[in-house]
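Read-outs: derived from the displayed coordinates by stated rules, not from any lab. Since we're looking at a predicted model, the values are computed, not measured. Note that each Cβ is placed from the backbone with ideal geometry, even for glycine, and that neighbours are counted across all protein chains shown.
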Amino acid sequence: MTKTVAYHWHLRKVMNEHGMQSTTSLVPLLADRGVVMTSTQVYRIVTGTPERLNMQLLAALCDLFGATPNDLIEPYVASSSRRGRKTGTTGTAKAPKAGTKNRPTRAVIKPAED
């Protein structure tokens, strides 16, 4: 059993709680706090779940909404089992022949039988 750490990103919810519906309205507010971002970048941060987050941006968002990082990021542990996982392969892989350079096997096209 493998544990996977994940998180929920709540920026959109925090914005709604503060009566802010437009992502573009964040651009000048963040710029006032020294974080310069385009409206497209802000849109991606608000509507998606970022994989990486600049600490200056996180601090600016916390200051802007009077929030803590815990209000924006909710971590959780999702258990995942490796047993029964589908990999896209159906059989066992052949071991490469001795002396080969681990290249794929060339396909052989046989003529159709009538």
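Figures for the structure shown
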quantity	calculated
Residues of the stretch 22-40 classified as within 25 Å of the chain's Cα centre (by Cα) and outside any helix (DSSP H, G or I), total	5
Counted residues, the stretch 47-57 - those being in a helix (DSSP H, G or I) and either without any contact (Cβ under 8 Å) to a residue 24 or more places away in the chain or within 19 Å of residue 68 (Cβ to Cβ) (or both)	3
Top-ranked residue in the stretch 33-49 [being among the small types (Gly, Ala, Ser) and farther than 30 Å from residue 78 by Cβ; ranked as surrounded by the fewest Cβ atoms within 10 Å (Cβ to Cβ)]	34
Selection status of residue 44, basic (Lys, Arg) and in a helix (DSSP H, G or I)	yes
Per-region count, the stretch 7-25, residues closer than 19 Å to residue 39 by Cβ and touching a strand residue (DSSP E or B) at 6+ places or on another chain (Cβ under 8 Å)	1
Extreme residue, nearest to residue 73 (Cα to Cα), among residues of the stretch 2-32 that are free of Cβ contacts under 8 Å to residues at least 60 places away in the same chain and crowded, with 16+ Cβ neighbours inside 10 Å	14
Search result, residues across the stretch 54-74 that are in contact with a helix residue (DSSP H, G or I) (Cβ under 8 Å, 6 or more places away or on another chain), within 17 Å of residue 8 (Cβ to Cβ) and surrounded by 15 or more Cβ atoms within 10 Å (Cβ to Cβ)	58, 61, 62, 65, 67, 71, 72
